Amino acid sequence: MTDGVWADLIGQSAAVETLRAAVAGGAHAMTHAWLITGPPGSGRSNAAKAFAAALQCPEGGCGVCSDCRSALAGSHPEVTLVRTELLSIGVDEVRDLVVRASMAPRRGRYQVLVIEDADLVTERGADALLKSIEEPAPRTVWVLCAPTADDVVVTLRSRCRHLHLRTPREADIAELLVRRDGIDPAMAAFAARAAQGHIGRARVLARDDDARRRRHDVLVLPSRLSSLGACLTAAAALISGSSDEARAATSELDARELAELSAALGIGAKGARPRSSAAAVKELEDRQKTRVKRLQRDALDRVLTEFTAYYRDVLTVQTGAGAELVNPEVRAEILAAARACSPVDTVRRLDAILACRVALAGNVAPLLAMESLLISLADLG
Ligand SMILES: [Zn+2]
C-alpha cells in the first residue's frame, strides 16, 4: 500500500480527506488552527505529523522526500512538536512557541506547530497562545491534539477547526502491526483485540513480554480477591508495580538529563555548586518527579482499563449478548464470575472502576483509591 504520509492513518478516511484538501488548497485558503481529537491511541499525533509533513512536502505528502521524512521523524526545522511528560503546559513554554510561530518559514513552506497534549495547556498558557492563533502569521499552522474538544480550554478550541478521529477497527490495527512493524499475524490479532482500539498499546502488547505478563496478572486478579487481606495486598502490589514500571521507563533519561545539566552548569568533579546551579538542579529534579508521577498514573489507568474490559466480558456472558469476549484467555475466570453474581452487581463494579478513575484524576492517594476499588470488586460487604 502506498499512500504517502497518510498510509498509517488507519480507519480515518474522512479526516484524511479533509487534511488532504486543506493541503491542496494552498496557503491562501489555509486554516491556521486545527484541533484534532479522538480517543487515546486513535492516532491523533500521527495524524498531526502526517499533516505537518504534507504541508512541507512539494508533492503534498509523498512520504519519501526529505521534507516528509524529517517532518514525520520530528526533525524538520520548521515543524515543532510539543509533547510534554509533565502534568501541564504553562505560560513560559507557550511563549517560546508563540515566538517561533511568528517566524516566517525559510526552508519549508509553512511554520507548523503541533501541540500533542493541548488538553494540558493551562488557562494562562491558553491566554498567551490566543493572539497567535487568532491573528497568525500568513504561513503559520497550529495543530492541537486532545482526547475531546471539552478537554481543551474553551477560548482556544472555539478558534480551531475541529477534526475528530474514530476508534480504529481491530482488523485494521492488526493489519497495521503486520505491515508496519513486522509482527506475526497471530500475535497482531491478539494484541489488536486486547488493546481495544488503542494502536500504541497494541504495538506494546505485541512486542513486550513484560507488558503481556502484567496485563495477564491484572486480568486474573478479580478472581483472587477472597478476603480483605487479599484486597489490601493486591492494591499495594498494583501501586508498587506501577511505580516500578514508571521508574524503569525514566531512570536512564533522568540520569542523562542530570549529567547534561551538570555539564552545562560546569559542576566539576569537586562538586562545587554555586547557589544558582543548586536551584537549576532542584528544578530538574522536581520536573523528573512529576514525570514519574504522570507515568505511574498512566500505568494505573491501564489497570483500570483492563478491569473494565474484564467486567464487560462478565456482563456479556450474563446478558447472553453473544458478543465475542475481549479476554478469552481468562474465559474460565469470567464464566465463574458471571455465575457468582447478577448483572446488576457487575454494573455496580463497573461504576466502582469509574469512580476510582475519577478519584485518581483528582487528588486521592493512589493506594487508598485502589484499596477501595478492590474491596468493591470483591464485594466483601
Ligand atoms: Zn514528500
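Each value in this text was obtained by applying a stated rule to the coordinates, not by laboratory testing. Since the model is a prediction, treat every value here as computed from it, not as a measurement. Every residue, glycine as well, gets a Cβ built from its backbone with ideal geometry; the counts of neighbours run over all protein chains shown.
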(message) Give me 370, 187, 103 sorted ascending by neighbouring Cβ count inside 10 Å, so fewest comes first.
(response) 103, 187, 370
(request) Calculate the dipole size of the chain relative to its Cα centre from +1 charges on Lys and Arg beta carbons and -1 charges on Asp and Glu beta carbons; express the result in debye to the nearest 20. (result) 520
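If neighbour count is taken as other Cβ atoms inside 10 Å, put 131, 293, 49 in order from fewest to most.
Working: 131 11, 293 15, 49 26.
Ranking 131, 293, 49 by Cβ neighbours within 10 Å, fewest first, gives 131, 293, 49.
Using a 10 Å cut-off on Cβ atoms, rank the peptides 75-84, 236-245 from the highest mean neighbour count down.
Details: 75-84: 18.3, 236-245: 16.8.
Result, highest mean first: 75-84, 236-245.
Relative contact order of the chain, please, whole-number percent, based on alpha carbon pairs below 8 angstrom and at least 6 residues apart. Please report the intermediate quantities before stating the final value.
Working: 511 pairs, mean separation 59.2, N = 381.
Rounded, it is 16 percent for the chain.
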(request) Give, to the nearest whole percent, the P(r) tail of the stretch 190-310 beyond 18 angstrom, counting all Cα pairs. (result) 63
(message) If each DSSP helix of 4+ residues adds -39,500 (n - 2.57) and the sum is divided by the residues in the chain, what number results at 222 nm, nearest 500 deg cm²/dmol?
(response) -20000 deg cm²/dmol
(message) For a quick check of your reading of the filter: which GluC sites (Glu not before Pro) in the stretch 302-381 sit in a DSSP loop and have no more than 12 other Cβ atoms within 10 Å?
(response) 324
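In Å, what Kirkwood hydrodynamic radius results for the chain from the alpha-carbon pair distances?
23.2
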(message) Tell me the relative contact order for the stretch 257-371 as a rounded percent, counting alpha carbon contacts under 8 Å between residues six or more apart.
(response) 21
(request) For the stretch 187-324, give the magnitude of the charge dipole about the Cα centre (Cβ charges: +1 Lys/Arg, -1 Asp/Glu; no others), in debye to the nearest 20. (result) 280
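Taking the highest mean first, how do the peptides 63-74, 117-128, 20-31 order by number of other beta carbon atoms within 10 angstrom per residue? Working shown, then result.
Details: 63-74: 17.7, 117-128: 19.6, 20-31: 13.1.
So the order, starting with the most tightly packed, is 117-128, 63-74, 20-31.
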(request) Mind checking which of 317, 12, 28 is farthest towards the positive end of the chain's charge dipole, using Cβ charges of +1 (Lys, Arg) and -1 (Asp, Glu) about the Cα centre? (result) 28
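Which percent of the Cα-Cα distances in the stretch 4-164 go past 21 Å? Numbers along the way, then the final one.
Working: 5007 of 12880 pairs.
Beyond 21 Å sits 39 percent of the P(r) for the stretch 4-164.
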(message) Taking the 0 to 90 degree range and rounding to the nearest ten, how far is the long axis of helix 228-265 tilted relative to the main principal axis of the chain, both from C-alpha atoms?
(response) 20
